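First up is the structure itself, then whatever we jot down about it.
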Amino acid sequence: MHTINIKGELIELSEPIAMGILNITPDSFFDGGKYQLQKDIEERCEQILSEGGRIIDIGAYSSRPGATHISEEEEVKRLTQALTWIRNRHPDAILSVDTFRASVSQLVVNDFEVDIINDISGGMMDEHMFEMIGQLGVPYILMHMQGTPQDMQLNPVYNNLIGDISLFFAEQLKKLRAYGAKDVILDLGFGFGKTLEHNYELLRELKQFELFDLPMLVGISRKSMIYRLLDIVPQEALNGTTALNTIALLNGANILRVHDVKEAVECINLVRQLKKA
């Protein structure tokens, strides 16, 4: 049975939950620039929560392939403004911040009571991240990424996809545990330094990662593994997202990170009923 500790309350993950995406970046691949104003950010949070999302994941640094690198100061500026608005409106909401920087993690947890740190680099882009997570004592999403957002899709190569990613998780978990980190969620990093074939192999073999006995987050919402294969655009990829989210749930996913919360929650409810039958 998987749980995560949010400010002393155990959140049960044996029944999967949905995490709603709030990108406050101007250049994210699907909704870049859409959530810049206070009204839009607050309405997006209302939507995520009202549609059944349990976690709001806030990103101020775009991690789409080839994204522009931004300074720590710019990331902090974006987050400080948005988190002030969100916490005033939703003081009890479970918030996750998508950052690879230890100092940003410290600021958002200490100043805005952010509950979860979601690190796309799995500790590889800031050598102080694991020590900081140990000090902060918050749940940490450990994601696998080959390279950086700027170069990850140029030519991703693996000796053995499942074996290489499993070894990465084993090594990073050992370091995390040494710093006292307790609640860790694994994210295979769909689309982060993977070819289309890699992504589908990971989805097919998701259950292999259950050997770590940790909750698994799957983030495939409207990604290129869907829209490029179907020769459509991200705005048309909701149906494909739901299809693959269903497979992810059947293969052991505990958290779905999505743009479309209502549809993800419906998917979770349908798969729950299917597993009862």
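Within region 87-106, can you find the residues that are out of contact with any Lys or Arg (no Cβ under 9 Å at 6 or more places or on another chain) and among the aliphatic types (A, V, I, L, M)? Passing the criteria: VAL97, ALA102, VAL104. Remark: pairs (first residue in region 253-275, within 25 Å of ILE41 (Cβ to Cβ); second residue surrounded by fewer than 23 Cβ atoms within 10 Å (Cβ to Cβ) and of a type in the set (Gly, Ala, Ser); Cβ separation under 6 Å; 6+ apart in sequence or on different chains) = VAL265/GLY52.
Residue check: is VAL265 farther than 19 Å from LEU22 by Cβ, assigned to a helix (DSSP H, G or I) and β-branched (Val, Ile, Thr)? Steps first, answer last, please.
On the way: farther than 19 Å from LEU22 by Cβ: no; assigned to a helix (DSSP H, G or I): yes; β-branched (Val, Ile, Thr): yes.
Answer is no for this residue.
Of all residues in region 219-251, those satisfying the criterion of being out of contact with any strand residue (DSSP E or B) (no Cβ under 6 Å at 6 or more places or on another chain), under 21 Å from GLU197 (Cβ atoms) and not in a helix (DSSP H, G or I) are ILE220, ARG222, LYS223, ASP231, ILE232, ALA237, ASN251.
Table: residues versus (1) more than 23 Å from ILE11 (Cα to Cα); (2) charged (D, E, K, R).
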site	(1), (2)
PHE192	yes, no
GLU210	no, yes
GLY219	no, no
ILE255	no, no
LYS275	no, yes
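Does GLN208 satisfy being assigned to a helix (DSSP H, G or I) and under 20 Å from LYS275 (Cβ atoms)? Against the criterion (assigned to a helix (DSSP H, G or I) and under 20 Å from LYS275 (Cβ atoms)), GLN208 qualifies.
For ASN239, the conditions (1) among the polar types (S, T, N, Q); (2) within 15 Å of PRO16 (Cα to Cα); (3) free of Cβ contacts under 8 Å to residues at least 12 places away in the same chain all hold with the exception of (2).
Across region 128-144, which residue is surrounded by the fewest Cβ atoms within 10 Å (Cβ to Cβ) among those that are of a type in the set (A, V, I, L, M, F, W, C) and part of a helix (DSSP H, G or I)? So that I can check it myself, show each step before the final result.
Kept after step one, since they are of a type in the set (A, V, I, L, M, F, W, C), are these residues of region 128-144: 129-130, 132-133, 136, 138, 141-143.
Narrowing the set further to residues that are part of a helix (DSSP H, G or I) leaves 129-130, 132-133, 136.
Numbers: MET129: 27, PHE130: 24, MET132: 22, ILE133: 27, LEU136: 18.
In this case the residue turns out to be LEU136.
Of the residues making up region 150-177, those that are in a loop (DSSP other than H, G, I, E, B), surrounded by fewer than 19 Cβ atoms within 10 Å (Cβ to Cβ) and touching a residue at least 40 places away in the same chain (Cβ under 8 Å) are GLN150, GLN153, PRO156, TYR158. Scanning region 86-127 for residues that are in contact (Cβ under 8 Å) with a residue 40 or more places away in the chain and surrounded by fewer than 16 Cβ atoms within 10 Å (Cβ to Cβ), which turns out farthest from GLU72 (Cα to Cα)? Step by step, filter region 86-127, then rank; the result is ARG89.
Being surrounded by fewer than 20 Cβ atoms within 10 Å (Cβ to Cβ) and more than 17 Å from PRO234 (Cβ to Cβ) is the filter here; which residues of region 178-205 pass it? Quick ask: steps written out before the conclusion?
Filtering region 178-205 for residues surrounded by fewer than 20 Cβ atoms within 10 Å (Cβ to Cβ) gives 178-180, 182, 184, 195-197, 200-201, 203-205.
Scanning region 178-205 gives ALA178, TYR179, GLY180, LYS182, VAL184, THR195, GLU197, TYR200, GLU201, LEU203, ARG204, GLU205.
Here, each number is a calculation from the coordinates, and none is a lab measurement. From a predicted model like this one, the values you see are computed outputs, not experimental measurements. Cβ: placed from backbone, ideal geometry, glycine included. Neighbour counts: every protein chain shown.
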